[in-house]
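Worksheet: one structure, shown below.
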Amino acid sequence: MASMCEECKCSTYYNDELDMYSCENECPCCNDPNYESDWDVHLRIMKQIKAYIDLTILSLNQDSNKLQEEMDSIQDLNSDEYESLEIEDISLNGQIIGLIKVQNYLKELEV
């Protein structure tokens with residue numbers, strides 16, 4: 001039974017010797033069991049990016065929690081030290097929000 005290759009659109013047939021579908025044109029996409037299509041490469045990269053984003057969000061949340069503890073220990077809320085920590089915490093939270101938006105987009109793409 002023939003089927004069509006998604007990559008090059010040629011007819012493919014099951015090859016018992018290779019235990020896979022292949023074609024008579026000897027296309028790498030049809031005959032090489034290790035062939036990785038452009039889509040497969042992009043999907044693999046997107047999964048790596050998603051994993052990196054997940055870890056970065058975790059790290060930024062930990063940093064934000066540490067800053068919050070430091071801010072809680074300061075008595076004078078008008079001090080330069082408190083204001084500096086508050087600005088840094090706002091920056092971290094902005095980064096987290098931005099990465100969560102990218103993360104949600106990747107979820108929509110089903111990566």
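By the gyration tensor of its Cα atoms, with a ≥ b ≥ c the square roots of the eigenvalues, what is the shape of segment 38-108: rounded for a/c under 1.5, prolate for a/b over b/c, or oblate?
Numbers: a/c = 4.66, a/b = 3.57, b/c = 1.30.
Because a/c hits 1.5 or more and a/b exceeds b/c, segment 38-108 counts as prolate.
Under the Karplus relation 6.51 cos²θ - 1.76 cosθ + 1.60, θ = phi - 60°, what is the ordered set of whole-Hz ³J(HN,Hα) values for segment 48-58, x standing for Gly and Pro?
Calculated HN-Hα couplings, in order: 5, 5, 4, 5, 4, 5, 4, 5, 5, 4, 4 Hz.
For a quick check: sort 69, 17 by the number of other beta carbons within 10 angstrom, fewest at the front. Show your work: numbers first, answer last.
Details: 69 10, 17 6.
Going from least to most buried by this count: 17, 69.
Over segment 38-108, what is the mean sequence separation of C-alpha contacts under 8 Å (at least six apart), divided by residue count, expressed as relative contact order in percent? Display every interim value, and only then the final one.
Details: 29 pairs, mean separation 30.6, N = 71.
Relative contact order for segment 38-108 comes out at 43 percent.
Can you work out ³J(HN,Hα) from phi for every residue in segment 65-75, in order, using Karplus 6.51 cos²θ - 1.76 cosθ + 1.60 and θ = phi - 60°, giving whole Hz and x for Gly and Pro?
5, 5, 4, 4, 4, 4, 5, 5, 7, 8, 7
How many nm separate the modelled label positions at residue 42 and residue 56, each set 7 Å beyond the Cα in the direction of the Cβ?
About 2.0 nm, to one decimal.
What is the packing order of peptides 41-51, 74-84, 58-68, taking the mean over residues of other C-beta atoms within 10 Å and listing the highest first?
Numbers: 41-51: 12.5, 74-84: 10.5, 58-68: 14.1.
My ranking of the peptides, most packed first, is 58-68, 41-51, 74-84.
Readers should treat all values here as calculations from the given coordinates under stated rules, not as data from a laboratory. What you see is a predicted model; the values in this text were computed from it and never measured. Cβ: placed from backbone, ideal geometry, glycine included. Neighbour counts: every protein chain shown.
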